[in-house]
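Beneath this line is the structure, given in structure tokens, with notes to follow.
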Amino acid sequence: MRAVLMGIVLFGIWLLWSGHYSFDHTLVFVLGVVSCVVVVIIAVRMGVADEEGHPIHLIGRALIYGLWLLWAIFKANIDVALRVLNPRLPISPTLVRVQTSQKSDLGRVIYANSITLTPGTVSVAIDDDTITVHALSRDGAADLETGDMDRRVTSMEGLS
């Protein structure tokens, strides 16, 4: 089932990028279908069409989390811009270690990438259930230590 869904997604992306929405260019259309089928076959044979590589089960919760993450990114952008433009706001680079509550590697990677996507913070290393983060300010580090993002990723992961 995952292979079929992967093929549908790949073909949808191919349609968007190719711009061929009719059978006027039948050869191009058929070659697009064939290329998507070949990619799916190769992915299945390589073993990358598994649950982690193709996490369909996260789609619904990921959309909700994505909206929250966009809001967090927006707020962090404002904070970083203010710190850069206003010399009275402190820039105090800090390394902090945050605990993760995710049960899968995929969950921890999503959490680490979310940290890095948020301006002013960068995930430096992941060690088991701990992520080392470089933050532009102590306030940014304190926001991570509250655990709000961690809880939201764990909730999205569906194991909380």
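Readers should treat all values here as calculations from the given coordinates under stated rules, not as data from a laboratory. Everything quoted here is computed from the prediction, not taken from an experiment. Neighbour counts run over all protein chains shown; Cβ positions are idealised from the backbone, glycine included.
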Tell me, what is the Rg over Rh of the range 2-46, with Rh the Kirkwood radius over Cα pairs? 1.00
Do you know the relative contact order of the chain, to the nearest whole percent, from alpha carbon pairs under 8 angstrom that are 6+ apart? 21 percent
At a Förster radius of 30 Å, what calculated FRET efficiency corresponds to the Cβ-Cβ distance of Val38 and Leu106, to the nearest 0.05? 0.70
If I build a Gaussian network model for the chain, linking alpha-carbon pairs within less than 10 angstrom, which residue out of Ser18, Ser114, Ser137 has the largest mean-square fluctuation? Ser18
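What do you get when you divide the Cα radius of gyration of the chain by 2.2 N^0.38 Å, with N the number of residues? Provide the component values of the computation, followed by the final result.
Working: Rg = 20.4 Å, N = 160, 2.2 N^0.38 = 15.1 Å.
Taking N as the residue count of the chain, the ratio is 1.35.
Quick check: residue separation of Val48 and Val30 times 0.36 nm, minus the Cα distance between them. What number comes out in nm? Spell out each step's value before the answer.
Values: separation 18, 0.36 × 18 = 6.48 nm, distance 2.48 nm.
Here the segment from Val48 to Val30 would lengthen by 4.0 nm.
Between Val84 and Asp148, how high is the FRET efficiency from 1/(1 + (r/R0)^6) when r is the Cβ-Cβ distance and R₀ = 22 Å? Nearest 0.05.
Working: r = 24 Å, r/R0 = 1.11.
Here the calculated transfer efficiency is 0.35.
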Once phi for every residue in the range 106-118 is put through the Karplus expression 6.51 cos²θ - 1.76 cosθ + 1.60 (θ = phi - 60°), the whole-Hz ³J(HN,Hα) values, with Gly and Pro written as x, are 4, x, 5, 5, 4, 5, 5, 5, 5, 4, 5, 5, 7
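Taking the Cβ of Trp71 as the centre, find all other residues whose Cβ is under 14 Å away and add up their charges (Lys, Arg: +1; Asp, Glu: -1).
Details: positive: Lys75, Arg152; negative: Asp79, Asp143, Asp148.
Here the charged neighbours net out to -1.
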